[in-house]
Amino acid sequence: MKKIFSIPVVSIMLILLCMVSSAYAAQPIENLVKGQMLDQAKEKEQIEDFISKKASPKEFLLKHKDSLGREELKSITKLEELSYSSPYKAVILDEQAARALLSGGNFSEALLNAPYEWVVPIIAKGNNTAGNTVASFSLYKANEQWQVGEVGGYLRPSDIAFSADVNAIARFLKDNNITIGRAFSHVVALGLHMDLLYVAAEQGEFFIPLIHSRDELYGLEHLKIYTRNQFVAAVGDIFRNGGKRDSGLALTYGAPPLGPTAKQTSSARPVIFTIAIVGLVALASIYLFRRIQLADKS
């Protein structure tokens, strides 16, 4: 009788363990990058509706193009020469994520709980600039309403276009032998004067700086891949002493208005799923063990 009941116990546990393993399985890098684009976001319809009906950054750009100092805007003379392209998610490097990064903690998990915004590239349609990315604007959520945050963009136009292009990012990572991973995020670190592409890959964690308006900063080069240890070695002291301006983690602040938190996104689901599965395994084991005991007594 024990053997009869032990067979289903082992079978169920093996199946559930396989399910847990698959939840943690690494994915092709293209899938991870696609997961940060609007097409797979739960707020897709809200963002698209806001952009089509309420956003007015084109007017702002045209009015202030001389003071913004973007060369790409100089030849734009009419609103009809500008259009919006597909947004990408940008996670804000907040204090919790910065502490996880510096302390050797789980940085990818900390990013799941960090605030985020949607960055919308602005494309030129004029004769001399057709198809070129010229600027961007961000959207954040406050009081359950989407709002326009920063207009113009800190990144150079080529980096805005790159950040919104799944194929370009995937190709760049593959060219550097990063093909499989478990997490990807575009991270905004305004206090460091850069954005970052963060990848948790099979080989380890990597950071790619997108430095604002320059090619080198803190010994880091623009669009060069660094390991986590290399990146922390370069910027750790900047975080810790605030660049001699402030103390603590002051340089994580100063971002545009923060967006909603990214809890329970697709990247977080494996953790929640695993907890549920472990609970089911435990309950099934207890139930079947009791059945075995009762069968032995009978």
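The values are calculated or read from the model by the stated rules, or taken from the named source; none is laboratory data. Only a predicted model underlies this, so the values are computations on that prediction, with no experimental measurement involved. Cβ sites come from the backbone with ideal geometry, for glycine too, and all protein chains shown count toward neighbours.
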Original post:
Can you name the residue in region 148-157 that is aliphatic (A, V, I, L, M) and surrounded by 21 or more Cβ atoms within 10 Å (Cβ to Cβ) and is also modelled with the lowest pLDDT among such residues?
Top reply: Val151
Subject >> Residues of region 6-30 that turn out to be β-branched (Val, Ile, Thr), modelled with pLDDT under 85 and under 23 Å from Phe184 (Cβ atoms), as a count >> reply: 1
Original post:
Any chance region 174-190 includes a residue that's free of Cβ contacts under 8 Å to residues at least 24 places away in the same chain and not hydroxyl-bearing (Ser, Thr, Tyr)?
Top reply: yes
Original post:
How many residues does region 171-222 contain that are part of a loop (DSSP other than H, G, I, E, B), hydroxyl-bearing (Ser, Thr, Tyr) and in contact with a helix residue (DSSP H, G or I) (Cβ under 9 Å, 6 or more places away or on another chain)?
Top reply: 2
Original post:
helices (runs of 4 or more DSSP H) wholly in region 31-147 with at least 2 residues that are at pLDDT below 90 and out of contact with any helix residue (DSSP H, G or I) (no Cβ under 8 Å at 6 or more places or on another chain) - which ones?
Top reply: 44-53, 57-63, 65-68
Original post:
With respect to the numbered conditions (1) touching an Asp or Glu at 6+ places or on another chain (Cβ under 8 Å); (2) surrounded by fewer than 22 Cβ atoms within 10 Å (Cβ to Cβ); (3) among the β-branched types (Val, Ile, Thr), which one is the sole condition not fulfilled by Val134?
Top reply: (2)
**OP:** Examine region 224-234 for a residue that is modelled with pLDDT of 95 or more and part of a loop (DSSP other than H, G, I, E, B), and state whether such a residue exists.
**Re:** yes
**OP:** List every residue pair whose Cβ atoms sit under 7 Å apart, with the two residues 6 or more apart in sequence or on different chains, where the first one lies in region 106-118 and is touching a residue at least 40 places away in the same chain (Cβ under 8 Å) and the second, anywhere, is assigned to a strand (DSSP E or B) and among the aromatic types (Phe, Trp, Tyr).
**Re:** Glu117/Tyr140
Subject >> From Leu82, Leu112, Leu139, residue being surrounded by 16 or more Cβ atoms within 10 Å (Cβ to Cβ) and closer than 29 Å to Gln203 by Cα >> reply: Leu112
Subject >> Residues located in region 148-160, provided they are part of a helix (DSSP H, G or I), over 16 Å from the mean Cα position of the chain (by Cα) and in contact (Cβ under 8 Å) with a residue 40 or more places away in the chain >> reply: Pro157
